[in-house]
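The structure appears below as structure tokens.
None of the figures in this text is laboratory data; all of them are computed from the coordinates on show. Bear in mind that the values here come from a model prediction, so they are computed numbers and not experimental data. Positions of Cβ are backbone-derived with ideal geometry, glycine not excepted, and every protein chain shown enters the neighbour counts.
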Amino acid sequence: MFSYRHAFHAGNHADVLKHTVLIALLRHLTQKEAALTVLDTHAGAGLYRLDSEFADTSGEAAEGIQRLLASGSDEPLAPALQDYLDLIASFNSKNNWRVYPGSPFIIQRLLREHDLLKLYELHPTDAKTLDANVAQLHAGRQVVVLREDGFGCVNKFLPPPSRRALLLCDPSYEIKNDYPRVVAMVTEALKRFATGTYAVWYPIIPRPEAHDLPRKLKTLATKLGKPWLHATLTVKSSKLSAAAAQGEAKRPGLPASGMFVINPPHTLKGLLQPALPQLVKRLGQDRNAGFTLDSGG
């Protein structure tokens with residue numbers, strides 16, 4: 001269960017989608033003065049080097065944020081994408097994009113002093129690195145790192161005292177059991193705190209569980225009368241090339257991913273409508289590239 005390391009995938013197209021949505025959520029949720037509690041169920045190491053051996057091995061950032069940066073165009077970026085790039089740039093010196101912040105550091109950068117952030121990470125190496133990275137923030141009690149199973153955060157912290165919360169869930173899904181655990185956790189979260197905002201990232205891969213997950217979340221939200229939003233980004237075909245199938249080349253990697261949000265801000269869909277087509281144009285690798293954006297409730 002400890003084989004997954006996000007350092008191999010930091011800054012890829014899935015991170016671009018996930019973090020664009022995350023930033024948009026936080027911009028809205030921090031407009032109200034009341035304190036916000038944010039729960040990150042699978043925090044990772046917090047900060048990543050795009051010039052590390054991990055990043056060089058996978059090359060995924062080159063097809064994600066680095067491709068977005070390199071794709072110059074006369075067309076200005078959609079506000080949500082510009083906001084995303086500006087925030088990532090704030091972790092780097094000018095014209096030197098070596099650091100990619102994971103969700104914990106993106107979240108912390110956007111919180112106010114009276115907001116709280118709870119970070120869960122079980123991987124022993126990443127948890128140790130996360131501890132060290134968070135210590136550099138000198139954030140005191142605002143940020144807490146817990147070496148526990150993030151799926152248990154609901155029972156521990158919901159509902160929050162301020163009655164305002166955002167939960168981000170993005171497990172690796174290397175274990176099939178992650179899919180039903182996500183649904184079970186969101187179900188329990190809505191029972192405990194019906195007005196929280198719940199954001200679930202998931203990979204779109206040729207596996208029944210991956211396609212069932214958003215359908216189950218939609219059914220759950222609809223049954224409870226909660227608004228929802230579902231955004232997906234596909235950059236290439238999910239089929240193996242002949243060479244890759246024979247082991248002669250690197251496997252193609254993740255072709256697509258999605259974000260499912262329950263109780264999204266009313267502004268989120270309007271921000272994503274111009275952003276997603278631009279991501280397809282700039283990150284798409286073949287004719288299968290595309291996006292979807294649906295909402296209800």
Practice item. Sort the range 22-156 into rounded, prolate or oblate with this rule: let a ≥ b ≥ c be the square roots of the eigenvalues of the Cα gyration tensor; rounded if a/c is under 1.5, and if a/c is not under 1.5, prolate when a/b is larger than b/c, oblate otherwise. Key: oblate
Revision key, fill the gap. Under the helix-only model (-39500 (n - 2.57) for each DSSP H run of 4 or more, divided by the residues of the chain), the mean residue ellipticity at 222 nm, to 500 deg cm²/dmol, is -11500 deg cm²/dmol
Practice item. Could you pull out every residue, at least 5 positions away or on a different chain, whose amide H is within less than 5 Å of the one on V38? Hs are placed 1.01 Å off N in the peptide plane, and Pro or chain starts have none. Key: L116, L117, K118, L166
Revision key, fill the gap. Filtered hits (aspartates and glutamates, Cα-Cα < 20 Å from K218, offset >= 8 within chain) -> D170, D178, E188, E209, D294
Practice item. Report the dimensions of the chain along its three principal axes from the alpha-carbon atoms, largest first, rounded to Å. Key: 54, 43, 43
Review point. Can you work out the FRET efficiency for the pair Q273 and T222, with r the C-beta to C-beta distance and R0 = 25 Å, to the nearest 0.05?
Key: 0.70
Revision key, fill the gap. The Cα extents of the range 162-293 along the principal axes, largest first and rounded to whole Å, are 54, 35, 24
Review point. Using the Cα gyration tensor of the range 189-236, with a ≥ b ≥ c the square roots of its eigenvalues, what is the shape: rounded (a/c below 1.5), prolate (a/b larger than b/c) or oblate (neither)?
Key: prolate
Revision key, fill the gap. Sorted by chain and number, the residues with a modelled amide H under 5 Å from that of L47, at a separation of 5 or more or across chains, are G102
Revision key, fill the gap. Between L122 and E209, the two model label points (7 Å from Cα along the beta-carbon direction) sit apart by a distance in nm of 1.2
**Study point:** Expected-Rg normalisation [2.2 N^0.38 Å, Cα atoms] applied to the range 105-191
**Key:** 1.14
Practice item. Using the structure shown, select from K156/K191; K239/K269; K18/K118; K118/K281 the pairs with a Cα to Cα distance greater than 24 angstrom. Key: K239/K269; K118/K281
